[in-house]
1. Just to confirm my numbers, what's the Cα centroid distance between the stretch 260-280 and the stretch 876-901 in Å?
2. Check which residues have an amide H placed less than 5 Å from ILE871's amide H, if you skip close sequence neighbours.
3. Can you find, among ILE895, ILE910, ILE884, the residue farthest towards the positive end of the dipole of the stretch 882-933? Put +1 on the C-beta of Lys and Arg, -1 on that of Asp and Glu.
4. Just to check I understand the Karplus step: with θ = phi - 60° and J = 6.51 cos²θ - 1.76 cosθ + 1.60, what whole-Hz values come out for the stretch 214-224, glycine and proline as x?
5. Scan the stretch 160-254 for GluC sites (Glu not before Pro) in coil per DSSP, keeping those whose Cβ has at most 14 other Cβ atoms within 10 Å, and list them by number.
6. Across the stretch 343-455, how large is the tail of the calculated P(r) beyond 19 Å, expressed as a percent of all Cα pairs?
7. So what's the net charge close to SER355: Lys and Arg +1, Asp and Glu -1, counting the other residues with Cβ under 11 Å from its Cβ?
8. Collect residues whose amide H, placed 1.01 Å from N in the peptide plane, falls under 5 Å from the amide H of LEU190; neighbours closer than 5 in sequence don't count.
Amino acid sequence: MRCWLQTEEMALEELMQRLNAVSQCADEIMHQDIIPLYAADIQDQLKKQFAYLSGGRGGDGCPVITFPDYPAFSEIPEKEFQNVLTYLTSIPSLRDAGIGFILVIDRRQDKWTSVKASILRIAASFPGNLQLVLVLRPTGFFHRALSDIAFRFNKDELKMKVPVIMLGSVSELQGYIDKTQLTEDLGGTLDYCHSRWLSRRTAIEGFAQKVKQTAQILQSFGTELAETELPNDVQSTSSLLATHTEKKDKMKEDIRLAVEQGDDILGSITKPVTVNPEYKLNQDQLDNQTTVERLLAQLHETETAFDEFWIKHQQKLEQCLRLRNFEQNFREVKAALDTVSERLSAFTDVGNSLSHVEHILKDLANFEEKSSETIAKARMLASEGDDFIQSNHYAVDSIIPKCSELHHLCDALTTETEQRRNLLNKSLELHGLLEKSMKWCDEGIYLLASQPVDKCQSQDGAESALQEIEKFLDTGASNKIKELSKIYREYAHILNEDLKEHVQKVFQKQESMEEMFQKRQVSLKKLAAKQTRPVQPVAPRPEAFVKSPCTSPGLQRDYGSNSESSAIRRVNYRKGKSEMTELHQSRGGSTMDDEENLAVLRQHVINELIETERAYVEELLCVLEGYAAEMDNPLMAHLISPELQNKKDILFGNMEEIYHFHNRIFLRELENYMEYPELVGRCFLDQMEDFQIYEKYCQNKPRSESLWRQFSDSAFFQECQRKLDHKLSLDSYLLKPVQRITKYQLLLKEMLKYSKNCEGAEDLQEALTSILGILKAVNDSMHQIAITGYDGNLNELGKLLMQGSFNVWIDHKKGHSKVKDLARFKPMQRHLFLHEKAVLFCKKREENGEGYEKAPSYSYKHSLNMAAVGITENVKGDAKKFEIWYNAREEVYIIQAPTPEVKATWVNEIRKVLTSQLQACREASQHRTLEHTQSLPLPASSCTSPSRNHIRNTKKMEEKKADLPSLEGYGTTVAPKFPEKGKGWAKTSHSLDASEENDGWSSAEDPLNSSDAEEEGGGGGGGEMKLTPGKYTVVTDYEKGVSEEFTVKSGDLVQLIREGEDGLWYVKNLSTGREGWIPANNLLILIGNSKSAQSLSSSESGTASSTLSTSSSCSDSCNVSSTSFSDIKG
């Protein structure tokens, strides 16, 4: 900078010197340095033409000044006379003026007295040197003679420094001055026009002044440019450069105009020669030409000097502008690099899992990709600064440190990024080892848990299990952690406390697993080395008979028919008992190992459940404090758009309620089960009602997501995310409750898998079922809120049980035949919603949008009151179809499910609804009948109501049940005689195929109200009864069959499949899907000895299909109005 200032000062000084020289030269050219007088100043005086400089020269080049005949010569003021003579004598060059002037005084028309006075005045006032005075005396005789006499007598008086010659004629004058140097009025040929001469002199002098003024203006402008302080910002510097350039252009334009002016003057001087090449310029014209050329040369010098100065000044301004741009870019790039450095410094986390490290590496790669542009800009700016230095920029001292800083920052960021990547790759490598070790441990634990204990009791089985274990342990070389100290040394630079603790846990888990393997190996080696003990024969003793506790349903029960077979059985039993005792002794250690393995797995699941629950609670609190609370913060109000204000409840829903439940209740309860993981199902069951709050949150989620999409780019959310240092935006955290409620069922399944033989297995199963029910309810409610067009209150329809899409055909019994045919062949796409009191038919409409806005809506069409419907379970020809009919089959809806499984689920659910309605009707009917019987004690007639028949039948059933023998001793009982076919009770159909083809259900056609039932039972109840295959409804509970897992309860639908030996029937419980054997005498009591037993009777002629509904008489008896819903809407 200092060097540049010196250069600037030198350039200005040089400019000043050159422009001063131009000004002085201009004055010298015009002789203004001696006599500062201009023609323009005395133009009026010169116009009188009492004296003029014609341009003629004497023999030795003396300038000739002519005093023409001017009558008022004596009246010319002295001042004017002096000015004119002074100006005229200043025009010739100094050399010519130094020789002396020749004065030609023309007084031919004057008097002697005037001549004398003129000569005396001129002699007294002439400022220059005189060489010769030539006087043309008066031409009149008298005055001529008088002048001769007077001149002789006054010769001394007229004595001057030069001789005065009196001439009588112009011819005499031509003897002294050549004719070509005399004007025409003196008889010469010199071309002279006084007005032209005056105009040219004025122009030349004006041009000379212009040259001088231009030089002076450029001096001032140069000083201004040099003394201007350079701005410190880009805009001001750019503005200054533009201003100076504009002024420079104006100066250049003035110089151009001055040059044109000089060229015009020069052209006018040389025009005669241009017109006539033979024309000779007189000396005066030549002097003028020389003067103008010298002035033009000075003007060009002025322009050259200024141009050279301007180039340097412009270079300085442009360098200044580039410097200011460089400084501004430096500040911006420096700030960007600082931001990059700050963000890079945030990558301190080395990750807590393999996926976490991969995620961080991905974030680092994205960060590096984004920051590479900033680093590239910084390097380019540093390169630009280096170019400034190479080009000798005036501010090199300021640029060098900045370039060095940019290079250092870029190198430091690149190095640090590489170091971060290396650390994360090292962490990735370590977590990979840990993941492999954990996976190896999990596979090992699973291997131990999956080895069948019964197969390991044999020598071959034990050896096989040993081989599996040894083969698995061989894989540990590449999967397990060998030396913990080596891990600590190799990964010391990334091992923080948490990661070190994680490594220790993994290593401990690995050691525990290996210890379990060692124990299992020891046990298996004992079993493999164990020799089979020979069985000693034992003499049979009749008194030692022991009944087998596990008699198969298909075995003969006549144990006393053959003594030999009885003895063999006794020997086999003792042998088996002895072997079982030894087996339990030998495999005690193995069973213990299995239980230890399962305990480890259960502990792993409970740890994951509690740890993720704590993280979940922390995330909820973070969102509520970092986002929701900030929406009420006055300091953040300016960042919230007006449309987003007062929308907190929509955006966050009931998240606060969910947080308080988990933080205050559920998490604390979970922690109590840390030591008893198999009992955690009870914790879920105790809090199951509170989990209903998730349904409200999920129902609000579409509105929340829609609001988020509108304002996701809001400065408020970005600021909150920055403060929280979250890598993910708010919408990811708003999804956490939805993800959490779905996570519980996965953890419960895992816990249940490892706790099947534990005390809390039933609670775990019930908790899993309940959580799945909540998920289903949440999913169903998400669909239910999308129903549009329903006029009533959906909550009045009862609980939503099922929902799904189906093909639907509608058959109207009273409809037109063409309508029937059209309905038969063209199904409608309908989405059905099954409630406790009605089933809704809706049309699904897909929506355009994103996220929840893309979810479909359901346009309501019509609904059916469940109190007036019936179902036919199977439709011939399609296993996916079933029928829902309305008002005694006046309207039949053929429903085609996507799969047979979906159909079975729906039919089962509808059956439960209709069964529960039927049960409610019966209970109400029984209650009224009992009240009526108490008020009317007289015996009832044979035409009693179905409710009375039900009461009587129930009493008979209870009496029979009281006489029911113990089911444990059924093996020795004799089957009763069966009644004749067609008597005793109603049956479903005469064949299994028929029952499966048309499984119609209807509580409206209860056998108690059915004419068929009355006919079958009307012949007396004492006839023999016979069971036939078909479907029946159980009227009392039964919990002990041949298989302990097979139970039936009152209200269950059972199917009699086939009759076995010893009076046993193979029965399938259609309500639970379980199958088993039941003695016929017990089965008669369960379904056959009461007219209240439900059966599948024909509701229409010639069909095996009956219905289950709550319309007709049941509806009447329950006082249930079947018109509480419109029969058909829409």
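1. Each part's Cα centre sits 121 Å from the other's.
2. Under 5 Å from the amide H of ILE871: TRP885, TRP1001, LEU1108.
3. Going by the Cα projections, it comes out as ILE910.
4. With the stated coefficients, the stretch 214-224 comes to 4, 4, 5, 5, 5, 4, 5, 5, x, 5, 4 Hz.
5. Sparse-neighbourhood loop GluC sites (Glu not before Pro): GLU229.
6. Above the 19 Å cut-off, the stretch 343-455 has 63 percent of its Cα pairs.
7. -1
8. Counting only residues 5 or more places away or on other chains, the set is LEU182, THR183, GLU184.
The values are calculated or read from the model by the stated rules, or taken from the named source; none is laboratory data. Since this is a predicted model, take the numbers as computed values, not measurements. Cβ coordinates were reconstructed from backbone atoms using ideal geometry, including for glycine residues, and neighbour counts include every protein chain displayed. Calculation scope for accessible area: heavy atoms of the full protein, side chains included, ligands and nucleic acids excluded. Shrake-Rupley method; radii C 1.70, N 1.55, O 1.52, S 1.80 Å.
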